[in-house]
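Here's the structure, in structure tokens; my notes come after.
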Amino acid sequence: MRRALFPTLIREGSRADRLFARIWGSELFTWRQVFGMLIPLILDQISINLISVLATSMISASSQESVSAVSLVNPAIMLITALYGAIASGGAVVVAQYKGRGDEERVRLSAGQSLMAIFSAALLCSVLLIAGARPLLKLLYQGLDPVVMEKAVGYMRGFSCSLVPYSIYAAAFASFRGAGATKICMGMSITMNAIYLLASILFLNVMRLDIAGTALAYNVARIIGAIMSLVLLTRPGGVICIRLHHVLAISKPILRSITRLAVPFAVEQIFFNGGTLLAQTYMVQLGSLAVAANAVGNSAFLMLYCTGTAVANLTITLVGQCVGKGDRQLARQYARGMLLLGTLASLVSIALFLPLMDGILGLYAPPAETLSLVRRLLYIAMAGLPFFWSLSNVLPNALRAAGDAAFTTAVSLASLWAVRVGLGYVLALPMGMGVSGVWVAMVLEWAARGLVFLVRYRGEAWLSKKTLEE
């Protein structure tokens, strides 16, 4: 099944086949199995980001105020939802390690406990965001245009309602990914995102509901996604097949294992998105043009690193299962192989994106001066993408999958606040580079933390961590 997903151009016994086997093959996975798991994740990321681009372009066509409102709210939402995103990542690592051991009952129990924890966290996050939307946004964005403020408040409240159903989907997706069932992940993602796109067309283009239509589309898609996830998780004979007791029974060892991985990652994500949020607050001082260009640039940039994100996600599965099997050197081999693959993916992405860039940016229908600025931002990002992105995003996932979560968090936070936030502010305002300075700082931050992770990878400490409790 997995082999069929890979292009048949590479014949068994060919030079390319031998090369791929040397880099990505082992007694645990053949290189065809690795690529068989990777291709669904790439298609998943492409579908997610393409739909995000199309949805953002529809919002942008409504008004610049709408796209600015979404841009300003998103970091605040990401700041809160980082908590259950971290639990999902911790759950994926635990599932992967038990899968590597061949302990199917603990795989099911880990998936159930992850679902319970993520659902509880999402419910709390949803209530806090709905109740505190206006005071939070007023605190963050003093002096914001009243029209943008009203749109932002409505969008935050509407989007927050979708967090609870999305938590079910996120828990299921992470568990399937940890188990290596990437074809199921792709099917889940494409289905839910296709529903979101169709709902966005209906609510934005047909019914003209503006930013409220975007929030409503999220809710419709995520409720359907939650139902689909529960069906797949509980299906008899399925990959995981959890039962009610796997969710409701409290397994302290598994919860401690998930928490040990989730807490550092949650702290990292909260402070990372907090830094992004802080950057947004001083970006407001640069004017609505800079805010809109940054929003469009970020949306378009998703297409450039979507294949790299797929590689980073698969790294958790591969390295986690190697560690669960007890083969530390194999874990090192796959960390190195996935780092190389992430770099190659970045180069291919740039080569494919450049001739399509004007067409993609045209979907947003931006004013001429906004379009010129967006191009500049994307060129800045593309200059550093093949050199530093994989070092700073693929390699830390290998370290996390081995249980080295505390170190990756400490490095990520230090580089974020010193380089992306601190240096970004200096470049953007005192040095007069504007929003371009923020993007230059982003690339420098990739380089700084990536080099530290590379030094860590070359040592032995990251392979000596204990993750699972008995």
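The values are calculated or read from the model by the stated rules, or taken from the named source; none is laboratory data. Since the model is a prediction, treat every value here as computed from it, not as a measurement. We place every Cβ from the backbone using ideal geometry, glycine too, and count neighbours over all the protein chains shown. These area figures cover heavy atoms from the full protein model, side chains too; ligands, DNA and RNA do not enter into them. Shrake-Rupley method; radii C 1.70, N 1.55, O 1.52, S 1.80 Å.
Given the residues Ala335, Ala345, Ala351, which is the only one that is open to solvent by less than 10 Å² (accessible area, probe 1.4 Å) and under 23 Å from the mean Cα position of the chain (by Cα)?
Ala335
Let's see how each residue does on (1) of a type in the set (A, V, I, L, M, F, W, C); (2) open to solvent by less than 20 Å² (accessible area, probe 1.4 Å); (3) within 25 Å of Ile223 (Cα to Cα):
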residue: Arg108; (1), (2), (3): no, no, yes
residue: Ala117; (1), (2), (3): yes, no, yes
residue: Ala122; (1), (2), (3): yes, yes, yes
residue: Leu129; (1), (2), (3): yes, yes, yes
residue: Asp145; (1), (2), (3): no, no, no
residue: Val148; (1), (2), (3): yes, yes, no
residue: Cys161; (1), (2), (3): yes, no, yes
residue: Ser167; (1), (2), (3): no, yes, yes
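Would you pick out the residues in segment 243-292 that are under 25 Å from the mean Cα position of the chain (by Cα), closer than 17 Å to Glu104 by Cβ and either of a type in the set (Gly, Ala, Ser) or not in a helix (DSSP H, G or I) (or both)?
Of everything in segment 243-292, just one residue is under 25 Å from the mean Cα position of the chain (by Cα), closer than 17 Å to Glu104 by Cβ and either of a type in the set (Gly, Ala, Ser) or not in a helix (DSSP H, G or I) (or both), namely Ser257.
Would you mind finding the one in Ala402, Ala447, Ala461, Ala406 that is among the aliphatic types (A, V, I, L, M), under 27 Å from Ala174 (Cβ atoms), touching a residue at least 60 places away in the same chain (Cβ under 8 Å) and surrounded by fewer than 22 Cβ atoms within 10 Å (Cβ to Cβ)?
Step by step, each of Ala402, Ala447, Ala461, Ala406 is checked, and only Ala406 is among the aliphatic types (A, V, I, L, M), under 27 Å from Ala174 (Cβ atoms), touching a residue at least 60 places away in the same chain (Cβ under 8 Å) and surrounded by fewer than 22 Cβ atoms within 10 Å (Cβ to Cβ).
Read through the list (1) at pLDDT 75 or above; (2) under 21 Å from the mean Cα position of the chain (by Cα); (3) open to solvent by 20 Å² or more (accessible area, probe 1.4 Å), then give the number of the only condition that Gly102 fails.
(2)
Here is a check on your reading of the model: is Val421 farther than 18 Å from Asn49 by Cα and in contact (Cβ under 8 Å) with a residue 60 or more places away in the chain?
In short, yes.
Applying the selection to segment 172-225, what residues are assigned to a helix (DSSP H, G or I) and of a type in the set (Lys, Arg)?
Arg177, Lys183, Arg222, listed by residue number.
For segment 187-196, give me each residue that is crowded, with 19+ Cβ neighbours inside 10 Å and under 18 Å from Leu363 (Cβ atoms).
Across segment 187-196, the qualifying residues are Asn193, Tyr196.
Among all residue pairs at least 6 apart or on different chains, which show Cβ distances below 6 Å where the first residue, located in segment 235-247, is open to solvent by 30 Å² or more (accessible area, probe 1.4 Å) and the second is among the aliphatic types (A, V, I, L, M)?
Going by the 6 Å Cβ cut-off, the qualifying pairs are Val239/Ala179; Val239/Ala181.
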